[in-house]
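Q: Before anything else, here's the structure in question.
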Amino acid sequence: MVYPPPSAHAYHQRSQLEAASKYQQVDIYTLDAPGMVELWLATKQSEGVPKEEAIKQLNDLTGLSVTQETLGFAQNYGSTIKSSLLLATLGKDLARSGSLFTQYYITTKNGKQYIIFKGNHKLRKIIKGTRYLATNTQMMKFGIGGKAAKAAARSGFLVSVIFSVSLNSIRWLFDEEFRWTHWITHLSTDVLKIAIASIAGYLAAVGVAAGAAVFAASIPVILPITVGIFVALVVGEGLSILDQDNRLAKKLLETIEDYEKKIGELDETLLDGVYYTVEEGKKFAIRQMRLLFLSKVRMLRQRLAPRWF
Amino acid sequence: MVLTLKKIGALFLLFSIGIFLIAPPAYWLVLELGEQHTMLSHGYSVVVMRTTHGYWPGSIVAGVGLLVFSFGLPFAQSHPTAYKKALTASGYMMLAATALLIIGTIGTKAYWQNQFKEAGYVQCNETKLVDINRINQSIWAQKMAYCNDPRVARSLDNLSREELERVHRILENEP
């Protein structure tokens, strides 16, 4: 043991020196995202890689454009893809029972709606029965019947909204010009368009099934579902054309940014108000303390020498 | 075959949906195809590739299928054989429409990408140029430098043909 033991300060200094001596010299450059990209491209070009090729390599490396494209596709067509996949599964199952165009009709008994399927039910693997309650889980999953079409439209809407949130969040994270106000406006307009398209698709599917019911006729399972998918697509495209220059999003963005500015101004006024209140409070407290102190001193003096008064 | 008011209403609804699936998509299909060809033939510096028309053949077939079904519906009770034939035809059309939707989506994009590449265009990252991110639309330029040109970004907003012509004039007149 070394005596006297080294002081804590000396020990701390030595450990700092040891840490510093590990590095000979360190230069730190701070670059923002565009600067970093430019540096990367310049380095690649100095290595003899053409600029176009370097940009392609950068895209491949980050994988951002691919992610954005995939999410964008899923956002726009997530609902349609989901319905198409379910339709394909359903079609495969119905084909087992003899016909791909297996028909169904809706009937009401004791106030309950039933979906009756035609064809040989024993050959089917998914829709094994001939009669299902309209609220049956399988019917709901495949969008057969009015209630199920509603549930399918709702879940399709949710799928598209989830992808829209992801896509816009990625842009918010990586695109410096894409602010929180853009995130809100893009998401709001996307949700609005998806909701309108989903509702239109649902109404069309229900309308077709109801039309057949009026004539007491059976209908192929795939007919209302396919019509619903295409109506949602046409309405979605119609909305995109109507809002081609993103007028809705721009208007919303302007409004939010106006409010943001006003809140900023309000913030300054609020801070001024808080500062004034704190200052005045401080003055008031000091004044009160002084008064209290003086009254205590006066009382003490009275006790010590009451004869003086 | 007696057509009550309810039945007439139902038929009207079905025909309306059928027409809705045919008329706007047919118009958009012709319009977009014409625009794509015009853009390529004019050789604009910056062009927009739109591939929405890939969905519309499917939509038109689905619309026709629905119309066939609607025509057969009044005969469901009086002529079940005729109705069954209409149902089968309509079912095949719906099937074809779904297949066309998938083929059209992939095929159209592949076809136009090839056409644009052959014409010497390179694809830009459109989110850098415009604030509209749509999966069925992409921006292509004759030179990659145009994709990062702030003048191009400033001039583009809704990607109309007028805007693309303006951008072309700006870039053509540069020294």
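The values are calculated or read from the model by the stated rules, or taken from the named source; none is laboratory data. As the structure is a prediction and not an experimental result, all values here were calculated from the model. Cβ placement follows ideal geometry from the backbone for every residue including glycine, while neighbour counts extend to all protein chains displayed.
Q: Quick one: A:ARG171 ticks every box in (1) at the interface with another protein chain (Cβ under 8 Å from one of its Cβ atoms); (2) crowded, with 17+ Cβ neighbours inside 10 Å; (3) over 28 Å from A:GLN244 (Cβ atoms); (4) modelled with pLDDT under 80 except a single one, so which number is it?
A: Only one criterion is unmet by A:ARG171, namely (3).
Q: Among residues belonging to the range B:75-94 that are of a type outside the set (A, V, I, L, M, F, W, C) and crowded, with 20+ Cβ neighbours inside 10 Å, point out the one that is farthest from A:PRO220 (Cα to Cα).
A: Residues of the range B:75-94 that are of a type outside the set (A, V, I, L, M, F, W, C), as a first pass: B:77-81, B:83-85, B:88, B:90-92.
The next check asks that each one be crowded, with 20+ Cβ neighbours inside 10 Å; those that pass are B:83, B:90-91.
Details: B:TYR83: 12, B:SER90: 9, B:GLY91: 7 Å.
Result: B:TYR83.
Q: With the requirement that a residue be more than 13 Å from chain B (Cβ to nearest Cβ) and more than 18 Å from A:GLY236 (Cβ to Cβ), what does the range A:174-196 give you?
A: Just the residues of the range A:174-196 that are more than 13 Å from chain B (Cβ to nearest Cβ), to begin with: A:180, A:184, A:188, A:191-192, A:194-196.
Selection gives A:TRP180, A:ILE184.
Q: Please indicate, with yes or no, whether at least one residue in the range A:217-234 is small (Gly, Ala, Ser) and at pLDDT below 80. Give the steps one after another, and end with the answer.
A: Kept after step one, since they are small (Gly, Ala, Ser), are these residues of the range A:217-234: A:217-218, A:228, A:232.
So of that shortlist, the ones also at pLDDT below 80 come out as A:217-218.
Scanning the range A:217-234, I find at least one residue that is small (Gly, Ala, Ser) and at pLDDT below 80, so the answer is yes.
Q: For the range A:197-221, what are the residues that are touching a Gly at 6+ places or on another chain (Cβ under 6 Å), of a type in the set (A, V, I, L, M, F, W, C) and within 7 Å of another protein chain (Cβ to nearest Cβ)?
A: A:ALA204
Q: If you don't mind, another one. Given (1) more than 20 Å from A:TYR114 (Cα to Cα); (2) more than 7 Å from chain B (Cβ to nearest Cβ), identify the lone condition not met by A:PRO224.
A: (1)
Q: Could you tell me whether any residue of the range B:30-37 is in contact (Cβ under 8 Å) with a residue 24 or more places away in the chain, under 30 Å from B:MET144 (Cα atoms), surrounded by 13 or more Cβ atoms within 10 Å (Cβ to Cβ) and in contact with a strand residue (DSSP E or B) (Cβ under 8 Å, 6 or more places away or on another chain)?
A: Yes, that holds for at least one residue.
Q: Hey, another quick one. Mind checking whether some residue in the range B:164-174 is polar (S, T, N, Q), under 19 Å from the mean Cα position of the chain (by Cα) and modelled with pLDDT under 80? Step through it out loud before you land on a result.
A: Here is the first cut: in the range B:164-174, the residues polar (S, T, N, Q) are B:173.
Filter once more, keeping what is under 19 Å from the mean Cα position of the chain (by Cα): none.
No; the residues of the range B:164-174 include none that is polar (S, T, N, Q), under 19 Å from the mean Cα position of the chain (by Cα) and modelled with pLDDT under 80.
Here's the yes/no breakdown for (1) more than 22 Å from A:PHE215 (Cα to Cα); (2) within 9 Å of chain A (Cβ to nearest Cβ); (3) in contact with a Gly (Cβ under 7 Å, 6 or more places away or on another chain):
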{"position": "B:GLY58", "(1), (2), (3)": "yes, yes, yes"}
{"position": "B:ALA62", "(1), (2), (3)": "no, yes, no"}
{"position": "B:LEU66", "(1), (2), (3)": "no, yes, yes"}
{"position": "B:PHE69", "(1), (2), (3)": "no, yes, no"}
{"position": "B:PRO74", "(1), (2), (3)": "no, yes, no"}
{"position": "B:GLY91", "(1), (2), (3)": "no, yes, no"}
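Q: List, please: which pairs have Cβ atoms under 8 Å, are six or more places apart or on different chains, and start with a residue in the range B:142-159 that is away from chain A (no Cβ under 13 Å) and in contact (Cβ under 8 Å) with a residue 12 or more places away in the chain and end with one that is in a loop (DSSP other than H, G, I, E, B) and of a type outside the set (Ser, Thr, Tyr)?
A: These pairs meet every condition: B:VAL152/B:LEU129.
Q: Next up: Search the range B:95-111 for residues being under 13 Å from the mean Cα position of the chain (by Cα) and crowded, with 19+ Cβ neighbours inside 10 Å, and hand back the single one that is nearest to B:GLY43 (Cα to Cα).
A: B:THR108
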